[in-house]
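The values are calculated or read from the model by the stated rules, or taken from the named source; none is laboratory data. The structure displayed is predicted, hence computed values, not measured ones. Every residue, glycine as well, gets a Cβ built from its backbone with ideal geometry; the counts of neighbours run over all protein chains shown.
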């Protein structure tokens, strides 16, 4: 990715300067050089901080509750200096119902933060979204940092761009993997944890010697257990559950008949039968998981982002005992496989999710200007590390922050701030953030590097799979394929839980998956797989 050669503010200043010249000359009934009478007026841009901007924001997730804007030092700075005020709208714990109600009533928020899925196209097809195309040149951060390829992949069938991506990237990123309780691990002799058999044996030791500790924590609603599928195949995209399919040659095929998926489910079922994962794993809430990690009541934690709780937990545990804390280990693999071809997590050029601006917005261009600033260097510095003077002072030639001593000496306070503002990071610029951190961290001895950045550079970024070619495979919900998608997903969820929680043998696991395959085929799975295959091939052609 090319580095930004000028700041967003400089670009806006240039536009304003030009506008002022034109305005001044017009007052004297004179034309600016190079203009002719009758030419349209010069295009002006919205300048953050000159005019107050208020808009409403809805996070389209059951779990998401936006913190109050302006109550932390980062958003307070934005509120005071950029005159931005954002009003949260809650899902009330039932996002889909809230979403449907908003569409039917026509009472939309100004911005919706959501997955890149059929719900976006539903809004777009109903004429409820504002396209961004006319803003891309006026506000250059998104185009410069995400690039044309990512923008083109985000375009809707009408050829226009309606989605502003979050954590887009041109380089590997991600935190999926294995978090290990350091103190327990060392007390048990720091055994090898490279293979699935070694992991299984280790968890049994934990259960025997630490009865008050969860041997393997698998996260909210057992979502983290899917990480284990990566252990049973080389070079496999780990997003099978989102895709509801497995690549085989030039086609996407059934998940339920896939030998790798079956072996993974059999292994997970054995973990459950042996009591190595919590018996309430499929119903536990995020808060329960967080509490266990922060208090050290887990031996191993697998998740798509175990570093979020792991970093805070590491700090808290070390405050009580310098020998405690968390480490990460290289992703485990089945005996005989190449450890360097195992990928427990993934990343895409498009990143995680997107923000869309609805036609309810009074000034959509102003909102886009804010989102574009937010994803640029200054916005990212503030929403990642707080305003200037706390943990950074000034910038270098690439606009990366110059971190000060407090970044290291007040790590606990910094972690608390980052925890407070993480749920405002709607327009993350992965390359800028990661390069900022790594440039600074590379100047520090290992013991002084931030915990999460250290493990990202050592393990997690090296073990994430590029799944850009598998994005946008979900059909619209009101189509034949979309109805089949929902039916197959319901079958998948029930079969997954039943096979892990209820099956007593590997044979019973296979029986559950056999029935799931039959039910899925009856629900239109084959036609759905054909649709997904076509979309996959389209993606591949765009990326060639």
### Task
For the stretch 44-131, please list each of the helices (runs of 4 or more DSSP H) lying entirely inside it that holds at least 2 residues being at pLDDT 95 or above, buried (at least 20 other Cβ atoms within 10 Å of the Cβ) and assigned by TED's automatic domain parsing to the domain that holds residue 386.
73-82
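If the requirement is being more than 19 Å from residue 422 (Cβ to Cβ), touching a helix residue (DSSP H, G or I) at 6+ places or on another chain (Cβ under 9 Å) and not in a strand (DSSP E or B), which of these qualifies: 368, 407, 374?
Details: 407 fails: more than 19 Å from residue 422 (Cβ to Cβ); 374 fails: more than 19 Å from residue 422 (Cβ to Cβ).
On inspection, the qualifying residue turns out to be 368.
Here is a list: 239, 257. Which entry is farther than 23 Å from residue 451 by Cβ, surrounded by fewer than 23 Cβ atoms within 10 Å (Cβ to Cβ) and in contact with a strand residue (DSSP E or B) (Cβ under 8 Å, 6 or more places away or on another chain)?
Among 239, 257, only 239 is farther than 23 Å from residue 451 by Cβ, surrounded by fewer than 23 Cβ atoms within 10 Å (Cβ to Cβ) and in contact with a strand residue (DSSP E or B) (Cβ under 8 Å, 6 or more places away or on another chain).
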### Summary
Scanning the stretch 134-162 for residues that are modelled with pLDDT of 90 or more and not in a helix (DSSP H, G or I) gives 136, 137, 138, 139, 140, 155, 156, 158, 159, 160, 161, 162
### Task
Please find, within the stretch 357-375, the residue that is surrounded by the fewest Cβ atoms within 10 Å (Cβ to Cβ) out of those that are out of contact with any strand residue (DSSP E or B) (no Cβ under 7 Å at 6 or more places or on another chain) and within 13 Å of residue 139 (Cβ to Cβ).
365
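Pick from 278, 305, 269: which is at negative phi, over 22 Å from the mean Cα position of the chain (by Cα) and modelled with pLDDT under 95? Don't jump to the end; show me each part of the working.
Details: 305 fails: over 22 Å from the mean Cα position of the chain (by Cα); 269 fails: modelled with pLDDT under 95.
From the options 278, 305, 269, the qualifying one is 278.
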### Test: residue in the stretch 461-469 that is modelled with pLDDT of 90 or more and either in contact with a helix residue (DSSP H, G or I) (Cβ under 7 Å, 6 or more places away or on another chain) or on the phi > 0 side of the Ramachandran plot (or both)
yes
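Consider the stretch 163-191. How many of its residues are under 18 Å from the mean Cα position of the chain (by Cα) and in a helix (DSSP H, G or I)?
Our first condition is that a residue be under 18 Å from the mean Cα position of the chain (by Cα); within the stretch 163-191, this holds for 163-178.
Now drop any that are not in a helix (DSSP H, G or I), which leaves none.
Looking only at that region, the number is 0.
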### Query
If a residue has to be over 25 Å from residue 469 (Cβ atoms) and either buried (at least 18 other Cβ atoms within 10 Å of the Cβ) or in contact with a helix residue (DSSP H, G or I) (Cβ under 8 Å, 6 or more places away or on another chain) (or both) to count, how many in the stretch 210-236 make the cut?
11
### Summary
Counting only residues that are exposed (fewer than 15 other Cβ atoms within 10 Å of the Cβ) and within 14 Å of residue 452 (Cβ to Cβ), the stretch 285-322 contains a total of 0
### Query
Which condition breaks for residue 423 when tested against (1) out of contact with any strand residue (DSSP E or B) (no Cβ under 7 Å at 6 or more places or on another chain); (2) assigned by TED's automatic domain parsing to the domain that holds residue 70; (3) surrounded by 19 or more Cβ atoms within 10 Å (Cβ to Cβ)?
(3)
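Which of the residues that make up the stretch 487-508 are assigned to a loop (DSSP other than H, G, I, E, B) and in contact (Cβ under 8 Å) with a residue 24 or more places away in the chain?
Within the stretch 487-508, the first condition is being assigned to a loop (DSSP other than H, G, I, E, B), and the residues that meet it are 502-505.
Passing the criteria: 503, 504.
Can you pull out every residue in the stretch 436-486 that is within 30 Å of residue 402 (Cβ to Cβ) and part of a loop (DSSP other than H, G, I, E, B)?
So the first thing to find is which residues in the stretch 436-486 are within 30 Å of residue 402 (Cβ to Cβ), and the list is 436-462, 464.
Selection gives 442, 443, 444, 445, 449, 450, 459.
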### Message
Among the residues that make up the stretch 247-265, is at least one of them within 22 Å of the chain's Cα centre (by Cα), modelled with pLDDT under 95 and outside any helix (DSSP H, G or I)?
### Response
no
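State whether one or more residues within the stretch 337-347 are closer than 30 Å to residue 146 by Cβ, part of a loop (DSSP other than H, G, I, E, B) and at pLDDT below 95.
Initially, the stretch 337-347 is screened for residues closer than 30 Å to residue 146 by Cβ, giving 340-347.
Applying the additional criterion that residues be part of a loop (DSSP other than H, G, I, E, B) yields 342-344.
Adding the requirement that they be at pLDDT below 95 leaves none.
The answer is no, given that none of the residues of the stretch 337-347 is closer than 30 Å to residue 146 by Cβ, part of a loop (DSSP other than H, G, I, E, B) and at pLDDT below 95.
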### Task
Could you check how many residues of the stretch 289-302 are assigned to a helix (DSSP H, G or I) and within 21 Å of the chain's Cα centre (by Cα)?
3
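Would you call residue 313 within 22 Å of the chain's Cα centre (by Cα) and closer than 21 Å to residue 418 by Cβ? Lay out the reasoning, then the answer.
Values: within 22 Å of the chain's Cα centre (by Cα): yes; closer than 21 Å to residue 418 by Cβ: yes.
Yes; evaluated as a whole, the condition is true for this residue.
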### Query
Of the residues in the stretch 427-459, how many are out of contact with any helix residue (DSSP H, G or I) (no Cβ under 7 Å at 6 or more places or on another chain) and in contact (Cβ under 8 Å) with a residue 60 or more places away in the chain?
6
